[in-house]
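Q: Provided herewith is a single structure, encoded as structure tokens, for subsequent inquiry.
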Amino acid sequence: MGVTAPIPVALHPHLQSRWSDRRVVAAERDVKSWDEGLPDVEAVRPARCPCCGTAGRPAGAPLGLIGHGIRRRHQLGPSDVGERPEVAEVIVRRYRCRGCGAVVTVVPRGVAPRVRYRLAAVAWALGRWWQGVSAAEVRREVSPFVHVGEEARRGWRSLRRWVEMLGSALGLDAFGPPRRRVERVLQQLAARALEASGELVGDAVAGVVLVDVHRLCRGGPEVPTT
């Protein structure tokens, strides 16, 4: 009697996106230094596969994660406080795991999974919202897109989603009024700034790139690059 092949099971779209996020690893380099020159394939090879744990460069053995080309990703918004919003492009490296076959993408810090905006732009937008600027005006300041629908002219739903994302990444609870939660997120981000100025929003923008939102999506420990 023959062996029946297993029937492929389609993942729910949410589970598919979560699995995809597991394959994204943040390098130690930030977006600005990354833009100065794409690091070579060896410089940002992950220490291990985030999916199965295979070592990226085991001693005395073949590479566990091999270079698998590059990919271009759009990044939206201003790159720093007070700069004009733009549509920029970042080139990211990809690796294929010999152990499980997963394709792992390595991005610079400041690039988040499933978020088109730079994390610096996200922190700046939340900071302006916390300062009392309307959601619609924040969108005009941070989004590079001038022509939007009628609903978008009245607000910006992304602000609340970003509060949830960063609040979860920072381990904050989800209780309290939205503006109070934004303030707590900004305080936590500002505490991570390497050179604090004492200005909450500016320090939050400086500190947000040091938050590993990828670890949150993977649901496990940070996977460093070698």
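Q: Among residues other than Arg181 whose Cβ falls under 14 Å from its Cβ, what is the net charge (Lys/Arg +1, Asp/Glu -1)?
A: +2
Q: If you don't mind, there's one more thing I want to ask. Dipole of region 26-123, Cα-centred, from +1 at each Lys and Arg C-beta and -1 at each Asp and Glu C-beta, to the nearest 20 debye?
A: Once rounded to the nearest 20, the dipole reads 500 debye.
Q: Counting Lys +1, Arg +1, Asp -1, Glu -1, what net charge surrounds Leu119 among other residues with beta carbon under 10 Å of its beta carbon?
A: Numbers: positive: Arg109, Arg118; negative: Asp30.
For residues surrounding Leu119, the net value is +1.
Q: Note down the net charge around Leu172, summing +1 for each Lys or Arg and -1 for each Asp or Glu among other residues with Cβ under 12 Å from its Cβ.
A: The answer is 0.
Q: Sticking with the crude label model, points 7 Å out along Cα→Cβ, report the distance from Phe145 to Gln187 in nm, one decimal please.
A: Those two pseudo-labels are separated by 3.4 nm.
Read-outs: derived from the displayed coordinates by stated rules, not from any lab. What you see is a predicted model; the values in this text were computed from it and never measured. Using ideal geometry, Cβ is built from the backbone for each residue, glycine included, and neighbour counts are taken over all protein chains shown.
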